[in-house]
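Novice: Following this message is one structure expressed as structure tokens.
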Amino acid sequence: MRKRIEIEGGCYFVTINALHKRKIFKTNKVKLLYLESLDHCRNKLHFRLTGYVIMEDHLHLLIIPPKGRTISDVMHHVNGIFANHYNKQERKSGKVIQRKFWEHAIRNDRDFEEKLNYIHNNPVKAGLIKELEDYKFSSFSNYYSDDGGIIEIDNVP
């Protein structure tokens, strides 16, 4: 099993998949539920969120864990809270998100910009939209418009 690289104060590009790549995030209601779970956990654990996109079967985040917490701590907490809320909302039970997630430790400003651009371009690449500003469930509007997006993101360090 691959050991995660843990960097105190480091930023991570995270990829999370729905269990069996099911399209559980197809509706705006479920996308909003994930963002609400993410924001709730951010307020509780005090991690920093610097970018995100929610696709139909996966999502990408840019997260800086707080001092004393690992990226694994943060993601297991967020995904657990989301799964509980999702199962309650959908009247289901069981696993919702793949237990394992993929992370990449951001190395420098250029690496951060590449991952942020990847996040914002993901809906266009997947054919969900034609223009970046048309996708509501990413941090694109937080960076490039005045509306502030659905949830607030944290400033890049």
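No value in this document is a laboratory result; all are computed from the given coordinates. All of these numbers come straight from a predicted model, not from anything done at the bench. All Cβ positions, glycine included, derive from the backbone under ideal geometry; neighbour counts span all protein chains shown.
Novice: Taking the range 1-96, which chymotrypsin sites (Phe, Trp or Tyr not before Pro) meet the DSSP loop condition and have no more than 14 other C-beta atoms within 10 Å? It would help to have the intermediate numbers written out before the result.
Specialist: Details: sites: TYR12, PHE13, PHE25, TYR34, PHE47, TYR52, PHE82, TYR86; in loops: PHE25, PHE47.
Listed in order of number, the matching sites amount to none.
Novice: If you average the alpha carbon positions of the range 82-126 and of the range 131-157, how far apart do those two centres end up, in angstrom?
Specialist: 16 Å
Novice: Something else about it: Ratio of Rg to Rh for the chain, alpha carbon only, Kirkwood?
Specialist: On the way: Rg = 14.8 Å, Rh = 15.8 Å.
That ratio equals 0.94.
Novice: Hey, which lysines would be in cross-link range of LYS26, C-alpha to C-alpha under 19 Å, not counting anything within fewer than 8 residues on its own chain?
Specialist: Partners within reach: LYS88, LYS92, LYS95, LYS125, LYS130, LYS136.
Novice: Considering only ASN17, ASN142, ASN43, give the residue with the highest GNM mean-square fluctuation for the chain, with springs between Cα atoms whenever their separation is below 10 Å.
Specialist: Looking only at ASN17, ASN142, ASN43, the largest GNM fluctuation is found for ASN43.
Novice: Mind ordering 61-69, 102-110 by average Cβ neighbours within 10 Å, highest first? Kindly include the intermediate steps, with their values, before the conclusion.
Specialist: Details: 61-69: 17.7, 102-110: 13.4.
Going by the mean number of other Cβ atoms within 10 Å, highest first, we get 61-69, 102-110.
Novice: In addition: Would you work out if the range 85-146 is rounded, prolate or oblate? Take a ≥ b ≥ c from the square roots of the eigenvalues of the alpha-carbon gyration tensor; rounded if a/c is under 1.5, else prolate when a/b is larger than b/c, oblate otherwise.
Specialist: Working: a/c = 2.42, a/b = 1.43, b/c = 1.70.
Since a/c reaches 1.5 but b/c is at least a/b, the shape of the range 85-146 is classed as oblate.
Novice: Each residue of the range 63-74 in turn: what ³J(HN,Hα) in whole Hz from Karplus with 6.51, -1.76, 1.60 and θ = phi - 60°, glycine and Pro shown as x?
Specialist: Once θ is set to phi - 60°, the couplings for the range 63-74 become 10, 10, x, x, 4, x, 10, 9, 4, 5, 4, 4 Hz.
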